[in-house]
């Protein structure tokens, strides 16, 4: 169902190959695809409309650069426009006089309590002294949940007995933080519907009573068209200073981020990327833009790889690749590295084009396949690993027996490895594609590279 | 397929463009105020014009039906309008409702024949399974635990005995939450410690339900994103444990969807069906302004019937799904 915008535009533009300038009719065709792609990514209808208008204006009359196809041009413009609208990453504002009060608000199930714990952990790791305040008196056991998380993270949690008034808890909690030298107080509030007058009034009261430094709206990244309504209601009735998108670790396109950012005008501060308490990452507009467009998320992948790889072994590997002495032993250690990067499917999905190609061919890569390959390689002797040519049919039979697989599996692996070696020779021989480090890689130049 | 999106043929004058922009602006304002007024205004005019199609498209997309389903529904509607020579917008409105109900009731590519003909207790030789085992699954934060509490209450009100299995051993205080609900509705909650093996809890829960001669066993599971292979495999295992212990169970695997979820809902339905053989859906949080339209895409592609809708925070806020009502709510 989800093709990337670039694939779609490519097919729209096949007839345009070699054309020097995009005329209005071409742009109209392209804009239909842009519109559709954004709607499928759950960007709100109205937001899509104004977005497409902007892109159209930017695109009309643009000269197609020699190195790019028209499709690449348009995707580049869309991508840039998305980044512009998503805005810059900003940090949590700190109050001039302590404590900094951060209040989390949002719909039920958006992930406020988990996010509160994640924020607390991040603050503590940054050398701050956070206090969590449990002001959700409605959901059964919400207080216990925050207490349990606080205990796990070694962050104190201020609570009051069942039946207490949330406004009082919040006020007392902040005072408690002040007297106990906590420089940050993180306030978890109950989930509420934006149309629930009484509940919205309650949270507005808390806000006006405490005057928090940050009031952050927690938004589920999987939210559909309605995201704008909830966000603008929260903004109007409570007033928010920032956004946290949660559950970004799924396969949602996350168009809601663009929608809420657009209607509220406040920055996205963090994204939640997992169930564990350390899975809170800073927000990078370029990555999310790529995701909304279905172009993969190379930068996150590179960053994770950088975090996991030590530089020395990376350099050694590079040398091996260049001198084409890459053998099965190296392959095995590569596999183990890849496994460290996260669930395989997620990792592969981040590689531009690959996720899409896999969907097209309905290739499913399972974690189990990797272990299988590992088992086969581990059943080889060191000599065989360095010298796969040695492996004749009797050795193949032995390896198959040893790894609990069939001779066909062993054959398949050896063939794939041979092909891989060949490919690597070509890549390293021809200068090849290099992954640049993280940072501000945007604009059209690298768009072309992204879309190869 | 994209004919809906085509601009009108004649070139427009500046004035016409301005006028149209103003109209768009106005209609957006209307959307903000009230959906009802919007849909009413669509059908208020005397004759069917091109604008109607555009307005309807907007309406369906804003209800999260998704582009593909919207285009498909409107294509069929157009054919019907031509075939039946419908002239009045009000007739088109009726026809649209029929088409939408049709999508929910006659899934096109039903992949799950067991559930395609409507849900409900699957009785073998006319006998209700006993205990009737209901496994509840879904991504994080959709409202599984609350839905379970409501279901327990719903069955208790029918005079049935209910046992709940606290299979979410991951989220902090999930067990406590369920225990509180269990006390309120009068259903024992079979539980282990946090961090325990959900498979073991489920095993005990099935055993307890059998021993206590319960009518219904409802099993909670931890919320999991459908992209997490390991957690999804865990769910497969949970289901296997249930079937091993009680052949034929779970009799129903209910996927809870959040009404605010957009197109990702379809991904969720596919992934959960693959590992846990989902038989029906519950749509939670329909008391907000979200319409839960992604279920049309799910019904259309997968043939999963919707059984329950959650309509509020109170424990009694659960209703059996009614396609006609659901479709009507799209326009309210």
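Observations, loosely collected:
- Per-residue mean of foreign Cβ neighbours for A:274-286 is 1 (Cβ atoms of other chains, 10 Å radius).
- Bridge orientation summary for segment B:233-332: considering DSSP beta bridges with both residues in this region, about 25 percent are antiparallel.
- Sorted on the mean count of surrounding Cβ atoms within 10 Å across their residues, most packed first, peptides A:21-34, B:247-260 read B:247-260, A:21-34.
- Between segment A:211-238 and segment B:208-239, the Cα center-to-center distance that results, in Å: 32
- Calculation over all alpha carbon pairs of segment A:121-205 in 5 angstrom steps from 0 returns a P(r) of 3, 15, 25, 23, 18, 10, 5, 1 percent.
- Beta bridge orientation in segment A:191-283: antiparallel %, DSSP, nearest 5: 25
- Cα gyration tensor shape for segment B:266-328, rounded if a/c is under 1.5, else prolate or oblate: prolate
- Sorting B:145-152, A:82-89 by average packing, meaning the other beta carbons within 10 Å per residue, from highest down gives B:145-152, A:82-89.
- Shielding value for B:222-230 is 5, the average number of Cβ atoms from other chains within 10 Å of each residue's Cβ.
- Inter-chain shielding of B:130-142 (mean C-beta neighbours from other protein chains, 10 Å cut-off): 3
Throughout, read-outs are computed from the coordinates displayed, never taken from laboratory work. What you see is a predicted model, and the numbers here were worked out from it, not measured in a lab. Glycine gets a Cβ as well: all are built from the backbone with ideal geometry, and neighbour counts include every protein chain shown.
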